[in-house]
1. I need the calculated FRET efficiency for the pair Arg420 and Glu505, taking r as the beta carbon distance and R₀ as 30 Å, to the nearest 0.05.
2. Sorted by accessible area (1.4 Å probe), largest first, how do Arg420, Arg225 line up?
3. Counting Lys and Arg as +1 and Asp and Glu as -1, each charge on the Cβ, what is the dipole of the stretch 273-344 about the Cα centre in debye, to the nearest 20?
4. Among Met227, Asn194, Trp209, flag the residue with its Cα farthest along the positive direction of the charge dipole of the stretch 193-243, charges on Cβ as +1 for Lys/Arg and -1 for Asp/Glu.
5. Can you find, among Phe253, Met316, His283, the residue sitting farthest towards the positive end of the charge dipole of the stretch 207-317, where Lys and Arg contribute +1 and Asp and Glu -1 at Cβ?
6. How many angstrom separate the Cα center of the stretch 386-424 from the Cα center of the stretch 176-237?
7. Mind giving me the FRET efficiency for Ser321 and Arg271? R0 is 41 Å, r the Cβ-Cβ distance, nearest 0.05 is fine.
8. Taking a ≥ b ≥ c as the square roots of the eigenvalues of the Cα gyration tensor of the stretch 105-259, is the shape rounded (a/c under 1.5), prolate (a/b larger than b/c) or oblate?
Amino acid sequence: AILVPIASASQHHPFGAPPSKRRASPAQQSATMPLRGGIVAIIALGCGAAARAHAQAPDTELVVAHFKEDLSWAARWNTSGVRLRVYTKGDVPISVEAERLPNVGRESHTYLSHIVNNYDALAKWTVFTQGAAPRWGYRHGDSGSGHLTDEIDFKDYMEPFHGGKDSFFALSTVAHLPSGIQSTRLGMLTDSLNSVSNALCPASGPDGWSAWWVDESHPHRRAGREMLAFYHKYVLQNDATTGTALAPVTLAFVQGARFAVSRERILKRPRAYYEALLERVSHSRNPLEGFFLEAMWHDVFHPERVQAAAPLCEYMPLPKSLAAMSHSEMFEDSAQRLTAKNMVSGHFDPRQLSDAYSPGVTEEKTLVATGNFSLEVQTDADRDLLISSAGLLGAAEALAGQTGVSPSSVVVTIAGNSSRRLQSTSNIIANLEFTITLTGGASDSLPTAEEMQATLTADSFAASFTSALNSVLTQKLGDAFGGVLSVASFAVASITATHEGTTTEMATGEGDGGGLESFAAGRRGMSCVVGLLAAALALSA
């Protein structure tokens, strides 16, 4: 069954109506009540309502952000003293009841919606988790990764005030901003450690972490400065902007966004704080802010212990000039340290780490689409902002949001003939190129090249893409940017699909450009990429 919260019916509150307030008594409504008596009555009424809300709240609540995962694992936690709260944005789960939410904002939108709409009736202890069954390790490219580290069990999260603390976070990754380089807790890479902490930080201090590594396609790497500005403006709330000089910060977080917090810990921030964060992740399926928040939940709930002030753990020293290792180099380095420092029994082969990081998963399915599009702007200044690093990143995010894929799957660059001026209007056409790369593991399904072409729609794509571009670029470039006037052309150069060793290539040719009115002339090429991306919706959660 799908249970739709009554709050979602509100047309006045931007995120669903807050819990209803009790009506004041006739005595409280009287205009002749003395001022002091009125204040006392109102305070008593508010305190009584809060007490009743808390009395009705469960001791423990399990909040699950669901898309298409099998939730049979979650059903066993729907027991006395625990309320299972499943919010779905995709396939209706068959094993549990669920409440429908719009498919925007990733798990961040789900978590924040729950907090905003239940702020006055929170459980004493709330566990937030994605829909994948909890199990050890992270498997790259596999949406079924369980994200547990060390020897932690999910029941540790479900135990209220585990270890005598009012929150339970097991930090598994750390990112340096704005560089975007990362380090991984070794307890996430191998389950053979001789010593584990099962706590906030690993047992071995700095040696409990891998060397710093880099993934050039990761949102933390591609949008490090924006992520740092978001952290200051919306988490710390110190009004910093992307253009502000900000000190670097190292953020440790739980990969997979699983944590548990007490009611009092959530209430450290006012409802308006969570509403502001919710607004940031409510406009597209895969906003960058959703990736940002995954790295910031600890500081959201611990305003007295933010990582801008002091690190939460001891980490490996940052590399000189922030020159981080590749994945394979990190595996080799970690294996050598594990063996040399007797952190594991016997010799440890680097392949054991890479297998742990991606056990049994091969990238046997891929889709790569390349193409180009042209955008019409009014001035040289607008063109310069559009082709800046922030502008290109915004164009990639807008394309990803329109098509329901991860922003990290889309790269937008400046084309060789970067711009030209229209004689008729003096407006400027900026030419951009894009590459969309999708990969699937054993549990993912990607469309074939034929299935991509079969999903042709796209009559309204140009207009909706223009709107999406302006929405994202206004946020990233500010009021100085005059906006995109139109998508002058959009065409796919090639599509390559690989399924279990079989490769299909489709060449569609280059687009002819032109104004928005001639957009339909390039419909075949444009439709191919729309078909590819619409069919790839199954990859987004």
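1. So, using R0 = 30 Å, E works out to roughly 0.50.
2. Arg225, Arg420
3. 200
4. Met227
5. His283
6. 28
7. The pair Ser321/Arg271 has a calculated efficiency of 0.40.
8. Working: a/c = 1.68, a/b = 1.11, b/c = 1.51.
Since a/c reaches 1.5 but b/c is at least a/b, the shape of the stretch 105-259 is classed as oblate.
The values are calculated or read from the model by the stated rules, or taken from the named source; none is laboratory data. For clarity, every value in this text was computed on a predicted model and none was experimentally measured. Don't worry about glycine lacking a Cβ; one is built from the backbone with ideal geometry, like all the others, and counts go over all protein chains shown. All accessible areas refer to the heavy atoms of the entire protein, side chains included, with ligands and DNA or RNA removed. Shrake-Rupley method; radii C 1.70, N 1.55, O 1.52, S 1.80 Å.
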